[in-house]
Amino acid sequence: MPALVNYSGDDELYPGGSFCSNPMELGRLYTTVGSNLDVYYPPTKRPHPMFEVIELDQYQEPGIEVLPDECLFEIFRRLPSGKERSLCACVSKRWLMLMSTICKDEIERTTSVAETVSSDENQDVEDDGYLTRCLDGKKATDVRLASIAVGTSCRGGLGKLSIRCSNYVTNRGLAAVAHGCPSLRSLCLWNVSSIGDEGLFEIAKGCHMLEKLDLCHCSSISNKGLIAIAEGCPNLTTLNIESCTNIGNEGLQAIARLCPKLQSISIKDCPLVGDHGVSSLLASASNLSRVKLLALNITDFSLAVICHYGKAISNLVLSGLKNVSERGFWVMESAQGLQKLVSLTVSSCRGVTDTSIEAIGKGCINLKQMCLRRCCLVSDSGLIAFAKAAVSLESLQLEECKRFTQSGIIVALSNIKTKLKSLNLVKCTGVKDIDMEVSMLSPCKSLQSLAIQNCPGFGTASLAMIRNLCPQLQHLNLTGLYGITDAGLLPLLENCEAGLVNVNLTGCWNLTDNTVSALARLHGGTLEVLNLDGCWKVTDASLVAIANNCLVINDLDVSKCAITDAGIAILSRASLPSLQVLSLSGCSDVSNKSVPFLTKLGQTLLGLNLQNCNSIGSSKMELLVEKLWRCDILA
């Protein structure tokens, strides 16, 4: 250093040369020494760019990307918090997928006091598992699942995940969820053929808190995957399996042995499921309260097991059981095991006959809700016998049962000595108008809801008989009864003592303003919902009656009625503070003149349906949408 300071050489500058023969070395020297040193460097010919690139590449400093995955894994698992892990996951797809392979128990926790407290707080938050994600179609990919797994780990944890109709997600994406979301409690896979047993293996290893599993059209999942879930998820309470062609008895038997908390089971259209799997499940699961068996190859044996061991079952659905005979349902009376059964739905079962339905009524003494759908072998005698035996029945629904007639339903209704509150008839084509004396029949005073939908033979004579049997009606649904007239409905309206609250007259096109005016006059103080969709004989006169009498109405549907601008004006001037939903769909006589009136009405409306109102121009419609920004408008 003294020699450098005491140097007494020539101080002159020589313009023709340089103290460094290689320009590139000079550049590196300048970089090494720093920007605080001024060096004279005369202009020379610039090197060719190709050589410059070669030189720079030779001296480029190595980055973190050159580290193998094992090293990056050790670095990532030592990051102090979920926020840092999420930020690193945003760097690249490689980092994201690598970060998603880190399990929660592999994350290294710090030992300082402050960080330990923070870690405990984060632990409590992560275990909550309250976040929900639903991915459909192309949105469901492995990368997106990895992002969800990493991103939600520091925000409460993922509690519910649903993947539907996707071939872009694989077992790798489900493994990412298993590693990053140990708090997962509900998993739904619908029509995801690319996920197989390996994905469920990972879920079973990482998500021990899983309570609900829903598998639908998952052809790549077999008994092996279901057995793994049974072994790794003992807290499972709900299992739904539909159209899974490779799941059979072995998987259900494992669930029966290893999942004692199971409360709800639904199995539909699984060809490998038979009596052995269903009987094992029902005999072992003592807490099972909800059972659905649909389109399965089971026999009377499985129903006998249900009747003997289903002491905790409260809700039972049996549909499409072609191999179950009358004897299978007859066991319900003799076994006396379904004492807690409250709701029973039987659909498309050939074994349901007059004898078996009577046995159901006698054996299920606490049955409150009964639904018979497409049971073509049950006739009036079976229905009457069931009505007498079911002493606790509150709701009866008969759908597409063609052998029931008007007389059978009337007699059954009068013979029910219970607290029947609801009767629903849907597409019962055997019900036709006949003259029948009902004065000697006792009324069903407990009935509050009556729905008769799409029964074309149900007309004025049938309504006259219903009038004397149901004096306490509050809910009336006569959808699709195009044969009824004012003369048939008016006596029924006059006999409803409790006051109607909900009335649906959709498709009753023979009704006129006389019925609506009488309804508003007699029940305006209680009427809250009125549906007149398709009653094309209803005019503005009905709106006048509604505006003057129905002060508590909140939902009014006059779609495809003969309503004009004058009727809308009358509604806007009325005091209807409770009106929230108004439907004018298909009212072709409602034009631009109604826009100011609709604007006034819209101040309290939450929903307004103006579909197919072709007389309202597009500009007026846009103006209405702009003014009523708080109202959901369908146009």
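The values are calculated or read from the model by the stated rules, or taken from the named source; none is laboratory data. Computed from a prediction, not measured in an experiment: that's the story for all the values here. Reconstructed Cβ throughout: ideal geometry from the backbone, glycine too, with neighbour counts over all protein chains shown. Only protein heavy atoms, including side chains, enter the accessible area calculation; ligands, DNA and RNA are left aside. Shrake-Rupley method; radii C 1.70, N 1.55, O 1.52, S 1.80 Å.
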Check the range 501-524 and report whether any residue there is closer than 16 Å to LEU450 by Cα, modelled with pLDDT of 95 or more and touching an Asp or Glu at 6+ places or on another chain (Cβ under 6 Å). yes
Condition check for ALA487: more than 22 Å from ASP533 (Cα to Cα) and open to solvent by 10 Å² or more (accessible area, probe 1.4 Å): no
Number of the exception - ALA178 against (1) within 21 Å of GLU242 (Cα to Cα); (2) touching a Cys at 6+ places or on another chain (Cβ under 6 Å); (3) of a type in the set (A, V, I, L, M, F, W, C): (1)
Determine which member of the set ILE616, ILE633 is farther than 24 Å from ASN548 by Cα, assigned to a strand (DSSP E or B) and either at pLDDT below 95 or open to solvent by 10 Å² or more (accessible area, probe 1.4 Å) (or both). ILE633
I'm told HIS523 meets every condition in (1) touching a strand residue (DSSP E or B) at 6+ places or on another chain (Cβ under 9 Å); (2) within 19 Å of VAL590 (Cα to Cα) except one. Can you identify the failing condition by its number? (2)
Could you go through the range 160-178 and let me know if any residue there is part of a strand (DSSP E or B), open to solvent by 10 Å² or more (accessible area, probe 1.4 Å), over 18 Å from CYS259 (Cα atoms) and at pLDDT 95 or above. no
Hits in the range 389-406 - residues which are more than 15 Å from GLY457 (Cα to Cα) and not in a loop (DSSP other than H, G, I, E, B): ALA389, SER395, LEU396, GLN397, LEU398
Is it true that SER585 is among the small types (Gly, Ala, Ser), assigned to a loop (DSSP other than H, G, I, E, B), within 38 Å of the chain's Cα centre (by Cα) and at negative phi? yes
Can you find a residue in the range 491-500 that is surrounded by fewer than 19 Cβ atoms within 10 Å (Cβ to Cβ), modelled with pLDDT of 85 or more and either among the hydroxyl-bearing types (Ser, Thr, Tyr) or on the phi > 0 side of the Ramachandran plot (or both)? yes
Out of curiosity, is SER462 of a type in the set (S, T, N, Q), open to solvent by less than 50 Å² (accessible area, probe 1.4 Å) and touching a helix residue (DSSP H, G or I) at 6+ places or on another chain (Cβ under 6 Å)? yes
Go through (1) within 37 Å of the chain's Cα centre (by Cα); (2) buried (at least 16 other Cβ atoms within 10 Å of the Cβ); (3) at pLDDT below 90 and name the single condition SER449 misses. (3)
Among the residues of the range 233-255, which ones are in contact with a helix residue (DSSP H, G or I) (Cβ under 9 Å, 6 or more places away or on another chain) and open to solvent by 10 Å² or more (accessible area, probe 1.4 Å)? PRO234, ASN246, ASN249, GLU250, GLN253
Quick one: how many residues across the range 221-247 are within 19 Å of GLY173 (Cα to Cα) and within 24 Å of the chain's Cα centre (by Cα)? 3
